[in-house]
Structure formats: C-alpha cells, structure tokens
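Below is one structure, written out as structure tokens; comments come after it.
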Amino acid sequence: MSDAYVSLQQLTLAYGDSIAVPDLDLDINEGELITLLGPSGCGKTTTMRAIAGLMQPKSGRIFIDGVDVTRVSANKRQIGLVFQSYALFPHLSAYENVAFGLRLRRVASHQIQQQVNQGLERVGLQQLATRKPAELSGGQQQRLALARSLVMQPKVLLLDEPLSNLDAKLRLEMRSELQRLQRETAITMVFVTHDQSEALALADRIVLMSDGHIAQLGTAEELYNAPDTVFAADFMGFENIFKVADERDGLCYLAGRDSDVSARLEIAGSSEAGYLAWRPAAVSVGQGQHRGEVRSVAFAGETREYVIECTIGFVKAQVPVGNRVHAVGDVVDFELSLSTARPLRD
Amino acid sequence: MTQLWLSRLVIFLTLTFLIGPFFIIIFAGLSAGSSLAFPPDGLSLKWYLAVFEVESFRKSFILSMFLAVGGTLTALVLGVPAAYALSRYKLPFGETIKLIVAAPIIVPGIIVGLALLRYLVVPLDFTVTMALFLAHTALVLPYAVRVVSASLQNLRVDMEEAAVLLGCSRLGAFSRVVLPNIQGGILAAFILGFVTSFNQVPVSLFLSGPGVRTLPIDMIAYMEITYDPSVAALSALLAFLSIGIVFVAERFLGFSRYV
Amino acid sequence: MFTAALFLVPVVILLSEGFKVGGEWSLAGYVDFASKPLNQKVFLRTLKLGFLVALTSAIIGYATAYCVVNLEPRHRGRIFGLIVLPLMISPVARTYAWIVILGRTGIVNQFITGTGLSDTPVRFLFTETAVFLGLLQLFMPLMIISLISSMENLPKDAIAAARVLGANWFQVFTRVILPLTKEGLVMGGTLVFTGSLTAYITPAILGGSKVLMLETLLYQRVNVANDYVSAGIIATILIVMCFGANLVLKRVAQGRSQS
C-alpha cells in the first residue's frame, strides 16, 4: 500500500466485455489538484466514475485516505462529483439542492441552515437561494453544483468537464474561481477535461491518458515543454512532428510522420529519438537550410502563421509580425534545427 | 389572400365534421319532447336531469369509475417500476417484455374480452368484476409504461448518481429525485389511462353480464331499447367530463407534452 | 407484466380454437369458414371499409394538415387541440351523434323531405355509408395528427425551392411533400386502418346486423350461435391483419431516425 491519499492499484475497468481501462496505477496526493487529460474515449471519465464508486472495477483496488473502498458503495464513500450537466435537482430550490446531502446525513437543522448559507455565500449565490435551477444562468448553475458538493466536505472532489458548457469568458472566470476554492478548502480535486489549456492553467499535476493508459504524468511545465511521446506532443501543440528515418555521418534524415514518400529532409546533428517535433514558433522563416513553398498565410495578431510545403509534407511556422512578409506561392527558406527540436518516442 | 381563405375553409370544414356532431348531441339532449330530434322540440334540461334518475346508469357509472380509477392506479403501480427498469437497465429480453406489455393495445379488445371470459371467468370462477378489473388494468398498462418512460427519458441519469454521491441509497434516489420529477408524467399517464379505460367498449363487451355493465355498454343497451334523448344528454355530459379533465390537466401541466 | 402474461395465454388459447374441429387439430374450420358467402362478404367489406376510411382520411388529412401547419403558431396550437379533442370523448357518444344526424327523423332527412327532394325519408342508418362516415369521424384525427407532426419537420424552404425550380403544385406534392411525409402517412394510415378493422361500436350501432363487419360478426357468432371455431378464426384474421399493419409501421419507423 502506498502512502498516497488516493491510490488506484492495478485497476481494470470494463463495460461488459469491452475493457476501457486496463491495469491502471495512479497515486494522488492530499490537497492536490490533478487533471485527467485526454481525448474523448481515453478512459478519463471511466476512471473518475470508478473513483466515485459509480462503476465497479473488474479487478484492482481503490484506496482513499488509507482505506480500501473498492467494495464501498458510492453513497458511503464521501466523494463529491460535479457533473458536466451539473445534474442539479430541478424540483428543488438552490437552497434545498445544497441542503440535500446534509439532510440525508441527519445534520441538525440549525447547522444545516448555517452550512448551506455559508456554502451559497462561498460561491456568491446567497441572493438566489430560493430560485429553482432552471431560473439560474449557466455559470450560476455551475456554482450551485460546486456548492452542493463542497458543503458535504468530501474527501475528494471530482469534476467532470465542468467548464465545457460555459462560454469562453465565463470559463476563464470559473477557472480562477475553482483555483480560489481549492486554495480555501484544500480539498483534493480530480479534474477531468479534454482541453489542454484548461489542464495547463489549473492543475498541479496532469495525467495525460490515451486508450486507457497513462501516456505521461507530470507537472504542467513538464508536459508542455517536454512531452515524451508522439501522442503527448500532438496533444500539447507540437504541430510539426517528423520521423527520423535514417541517421549517418552526423546528419539526421527526416521523413513524413506516417507517409511512405521516400523523400528525406536532412538536418545537422544526430539523435537517438524515433521522432523529432517542433512547435510552430520554433520554426524560423526567411533563412535556413531548407526550402519550401508558402501555401497559406494567416495574420494572428502578434504573429503571422505560415504553412509551408516541402518535400516531406507541410511545416507550420509562427513568426513575429515584424518580420518580412511572404505571400502565398513564394518559395522561402526555413530552418528546423536539432537544438530547438523535442525528441519523441512512439 | 384567396389562399388564406381557402386554407381557413378547409380547416373549418374538417373541424365541422369532427366536432359538429357534439353540438348536435348537446342540443338533442336539451329537447323538451320525448323523442330524439334535431332541432329539438323546445328546450329543457329535463333529459339531462333524467339521466341521474336511471338506476342502471348510476350503477354502471360507479362500476366504470371504479374500473377507470382502480385499473389505472394498479397499472401505474406496476407500470412505473417497469418503465424505470426498462429505461435504466439493459434487461435480458427487454424488447420482448416491451412487446408483451404493448400487446393489449395491438390485440383487438373484443378478442381480449372474449378470451378472458372463456378461459378465466368461466373455468377459474373469476367474478366478472374481477375479470373486468384485470382487463382494464392490462389495457391501461401500456399507456402507463409509455408515458412514464417518455418522461423518464427526459430525466438524466446524472441526477440519480448525484443523489447517490450525496448519500442516498438507490431506492432513496428514486423516491427523492426521480419520483418528484416525473410527477407530471405520472399524472398524464393517469389521465390518459382513465379516459381510455372509461371509454372502453370492446374489452368489456363480453365480460359485462346482467347487472354488471360498464357505462358505455349500458348506454348501447339502453339505446337499443329506447329512442329518447337521455342517451344524448348522457353522452354530452360524459364528453364534458372528459374534456374538462383534459383541459384542466393541459392548463396546469402542459399535458400534451407527455402524450 | 404478470397481468400482461395472464391475459396473453387466454388469447392464444382462443386463437387455437380456430384450428380445432370436434377436438381434432385441423384446418377444416378455415375451409368451412371461407366457403360461406356471408363470411366472404363480411371479410371483404371490412377490408374495403378499412381501406376507404384510411384513404379518405389521408386525402382530407393532407389538406387539413397542410393548412394547419401554415397557420400562425398561436392559432396552430388551438386548432390542434380541437382536432385532438374528439379522441378524448367516448366513441359511444361520437357514434350516437350520427343516429341523430342520419336517423329517420334526423337532420339530413328533415332537409331532404323539407326541400322536397324526396317524399319519404331516405334510409341512411344501417348502410355502409353510415358506417363509413362513423369510422371516418372516429379515426381521422389520428391521421391528421400524424401528418401534422411529420409536416412540421418538413423544411419550409423545400417547397419554395421546388416552386422556384419550376414544379407545379401537383409536382410539389408528389415529389416533395409526399416522400418527406411518408413516415407520417404510413403511421396515420396504419392507425386508421387497424382502428377501422377492429372497431366494434360504430358498426354495431350504425351498421347493425345488416352491415356486419368482422368484429360484429365475431360477437354475433359467439352470442347467437356459440360458434367458437368461427370466433377463433375471426380473431386470428384480425390479429394477423393488425400485427401485419403494425410491422409495416415499425419497419418504416425504424428506417428513419431510430437509434
């Protein structure tokens, strides 16, 4: 047994015969905000449901706060969950939604009143206590769902894509609100999302998942700057990923990521990696070893984005707007250097 | 412009055909004379009042009420959990169960009635009332299951899971979260079942014996003997009853959402 | 569910009676049944009326539904309510109205004798026309509702586009409206057709023993002649036809939009 606060050990989760998550190990520390990040179908929601007890694992064990809860039913685990849909009770007022769990715990009525009011105040909804969920805006419903879970003082708070139903501005607002709440309450939070920028902004640590496996686990900076695999790099915005097809005499020969075109692009230096990846900002345009034709140019405020076609495919580049402007159809020089490349494995 | 008038005319004619007969019944019942005629020979409420004096109408009305209320309630007691199970869990033979439940709608009522009479009432010594009760329950059950299923479908599973995570048992989640939110659907199912059961003829046809008749059957029998406006008056009253119930339901619940 | 099972068994036993003659399994009952001219006539009449009622309500239904869909939403709801209204009212009452209208001293005959078109009242009751009208009034709302709901999903621009492309109204109907509302038509048609086949009240009251349909024939065979072989056969025929129609309905419904 590990000394982590939440510990998933050799967890296998399945829907009927189809296995969604095979043999997962994950430790979560007390008071940490951890993000399960990945594309839809990667097993992140399934994992979260298993922690909540809404899904029985096929094998493996789940420990929370040192106790094996694998066979403990969902209503006795003391875990909070904020659903993507919020899952508020439409027949109850905001106040009663928050009081729901406390009443089930048979908390004394004056305490309920005090805690509910405190909970509503914490998310800024004290004025709207008598409203029904349908009479609240999306952002207010979101806060109410948070308050309903937080008032129970759960051991772990799970959040399932809680920001995905909000518009862009509200999303940013709720992000900082979540961080504030986490600081204030010091509750361990598991945040499930498919949005890498959300994960990067919020999480202490990010668990990047793919096909039920952990592809990479690390801090936001580690994942952003140093992805290990093609999958992780793809997810973190490395748009230029090329295969190292050959390596000799101090030169690397690059090929398209999965094309069978025999064309090669050579760069100086040698690398052990199977793949090399560059962010668009790491590609310089106007000078360099390589040559290609500009296929599109897009103005993006601070920068200008080019798509350049060369022998091994398309290269995306992002250069400061101050630089010389190239037009579609121009043949330009560009540079991919080993020093700015991120080496990857498959 | 001409198109607008043409369109109004079409609607008007159709509605006249569909609803006109009622107005005729209402007025025919208002007749002061003793035979059925339209326009009535003078106006009076006497036939509307006379209806309440007919002993057999009173008895059959009570029976019909009992069947409609009791049968529908029983159907709901069976149907709500059935609908819940069918919509939330993947049951083995789920499709077959659905088909069996729906069967009373598809199988013509007269056949159901005859079959029940011949193989339940006669050999097993069921009372006629008992058989009628069973038949009406079975008949209303599909409506109950369907209407309740429809309102369950609008209710997200999330909500029950949220309740469970807040400490409810599964049963508690059902009674605290699911039931309050499908109240409207259940009431709609009750009204639909009530109206269906109350107006039902074919199923009850064979099952009604002397002394035990549902109201519509009694009306047909009465019609065959006498030719006075009382049946018209009674028909009009029943029509008002049905319309009234549905109107009130629509007013307060938006009944039509569920049908 | 147990209720449903409890009642399915008797129905199956009843159906099997059609295959038994003198305690032996045989098809002799069917051969015998089919050879009687009365039975043939009743069978064909039932089919004919069912078909005619479905066809007529489709024609009127399309016209009405088209007009209703093009109304302002405010009026649309109200008109829709009026079309649904008759469904809530007892079929006995609805059929009874036709006696007032078509009877010897009914409205139509008063008009005929009053204007001197004929000296003696024309007999309408107990004719196929009366049964046809009764059934049409009873079941047309089902067709109109089905057609309205499938027409509401019809893209408005489709008709305009077809007009712009040079289609006349007949072509618009056959090439755009008809294919796009096929589902509603089949659904409505099935409901009306099976409804007409299995209606008991209307043929009983408006057709009497002169215009027998399968249901009334079945009732007569049992009540007058205690002839359960025929009853089983008729029941089988009815159920086969209903399930057949239902299958068509399901097939079409599943062809589109069912997940």
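Does at least one position in the range C:158-167 carry a residue that is outside any helix (DSSP H, G or I) and surrounded by fewer than 13 Cβ atoms within 10 Å (Cβ to Cβ)?
Yes, some residue in the range C:158-167 is outside any helix (DSSP H, G or I) and surrounded by fewer than 13 Cβ atoms within 10 Å (Cβ to Cβ).
Within the range C:106-150, restricting attention to residues that are surrounded by fewer than 16 Cβ atoms within 10 Å (Cβ to Cβ) and among the small types (Gly, Ala, Ser), which residue is nearest to the other protein chains (Cβ to nearest Cβ)?
The selected residue is C:Gly114.
State all residues of the range A:204-252 that are within 16 Å of the chain's Cα centre (by Cα), of a type outside the set (Val, Ile, Thr) and in a strand (DSSP E or B); if no residue qualifies, say none.
A:Arg205, A:Leu208, A:Met209, A:Ser210, A:His213, A:Ala215, A:Gln216, A:Leu217, A:Gly218
Select, from B:Ser169, B:Ser197, B:Ser149, B:Ser235, the only residue that is more than 13 Å from chain C (Cβ to nearest Cβ) and within 23 Å of the chain's Cα centre (by Cα).
Just a single option satisfies the conditions, and that option is B:Ser149.
Regarding the range B:123-133, can at least one residue be identified that is open to solvent by less than 10 Å² (accessible area, probe 1.4 Å), more than 14 Å from chain A (Cβ to nearest Cβ), closer than 23 Å to C:Tyr200 by Cα and part of a helix (DSSP H, G or I)?
Yes: the range B:123-133 contains one or more residues that are open to solvent by less than 10 Å² (accessible area, probe 1.4 Å), more than 14 Å from chain A (Cβ to nearest Cβ), closer than 23 Å to C:Tyr200 by Cα and part of a helix (DSSP H, G or I).
Identify the residue in the range B:200-217 that is β-branched (Val, Ile, Thr) and more than 12 Å from C:Ser90 (Cα to Cα) and, among all such residues, is farthest from the other protein chains (Cβ to nearest Cβ).
Ranking the qualifying residues of the range B:200-217, first place goes to B:Val212.
For the structure I just gave you, tell me whether A:Leu200 is closer than 30 Å to A:Thr303 by Cβ and either in contact with a strand residue (DSSP E or B) (Cβ under 9 Å, 6 or more places away or on another chain) or surrounded by 15 or more Cβ atoms within 10 Å (Cβ to Cβ) (or both).
Spelling it out, A:Leu200 is indeed closer than 30 Å to A:Thr303 by Cβ and either in contact with a strand residue (DSSP E or B) (Cβ under 9 Å, 6 or more places away or on another chain) or surrounded by 15 or more Cβ atoms within 10 Å (Cβ to Cβ) (or both).
Being farther than 25 Å from C:Thr46 by Cα and either touching a residue at least 24 places away in the same chain (Cβ under 8 Å) or touching a Phe, Trp or Tyr at 6+ places or on another chain (Cβ under 6 Å) (or both) narrows it down to one of C:Thr198, C:Thr236, C:Thr181, C:Thr202, so name that one.
Testing whether each residue is farther than 25 Å from C:Thr46 by Cα and either touching a residue at least 24 places away in the same chain (Cβ under 8 Å) or touching a Phe, Trp or Tyr at 6+ places or on another chain (Cβ under 6 Å) (or both) leaves just C:Thr181.
Got a number for residues in the range C:1-48 being open to solvent by 80 Å² or more (accessible area, probe 1.4 Å) and either in a helix (DSSP H, G or I) or modelled with pLDDT of 75 or more (or both)?
12
Of all residues being hydroxyl-bearing (Ser, Thr, Tyr) and open to solvent by 20 Å² or more (accessible area, probe 1.4 Å) in the range A:158-197, which is nearest to A:Tyr5 (Cα to Cα)? Just the residue, please.
The extreme case among them is A:Thr185.
Using beta carbons and a limit of 7 Å, which pairs, at least six apart or on different chains, have the first residue in the range A:226-245 and more than 12 Å from A:Ile312 (Cα to Cα) and the second one hydroxyl-bearing (Ser, Thr, Tyr)?
Here the result reads A:Val230/A:Tyr275; A:Phe231/A:Ser210; A:Met236/A:Tyr224, each pair linking the range A:226-245 to a residue that is hydroxyl-bearing (Ser, Thr, Tyr).
For the range A:152-172, name all the residues that are in contact with a helix residue (DSSP H, G or I) (Cβ under 7 Å, 6 or more places away or on another chain) and more than 14 Å from every other protein chain (Cβ to nearest Cβ).
Result: A:Leu163, A:Leu166, A:Leu170.
Scan the range A:254-276 and tell me whether some residue there is assigned to a strand (DSSP E or B), over 16 Å from A:Thr340 (Cβ atoms) and aliphatic (A, V, I, L, M).
Scanning the range A:254-276, I find at least one residue that is assigned to a strand (DSSP E or B), over 16 Å from A:Thr340 (Cβ atoms) and aliphatic (A, V, I, L, M), so the answer is yes.
Do you know which residues across the range A:293-315 are over 11 Å from A:Ala327 (Cα atoms) and polar (S, T, N, Q)?
A:Thr303, A:Thr311
Which residues, counting only those in the range B:172-183, are more than 30 Å from the chain's Cα centre (by Cα) and more than 8 Å from every other protein chain (Cβ to nearest Cβ)?
B:Ala173
Considering only the range B:219-238, I want to know if a residue exists there that is part of a helix (DSSP H, G or I), surrounded by fewer than 23 Cβ atoms within 10 Å (Cβ to Cβ), aromatic (Phe, Trp, Tyr) and touching a residue at least 60 places away in the same chain (Cβ under 8 Å).
Yes, the conditions are met somewhere in the range B:219-238.
The values are calculated or read from the model by the stated rules, or taken from the named source; none is laboratory data. Here the structure is a predicted model, which is why all the values come from computation and not from measurement. Here the Cβ is made from the backbone with ideal geometry for all residues, glycine too, and neighbour counts use every protein chain on show. When the accessible area is computed, the model is the full protein with side chains, heavy atoms only, and any ligands, DNA or RNA have been set aside. Shrake-Rupley method; radii C 1.70, N 1.55, O 1.52, S 1.80 Å.
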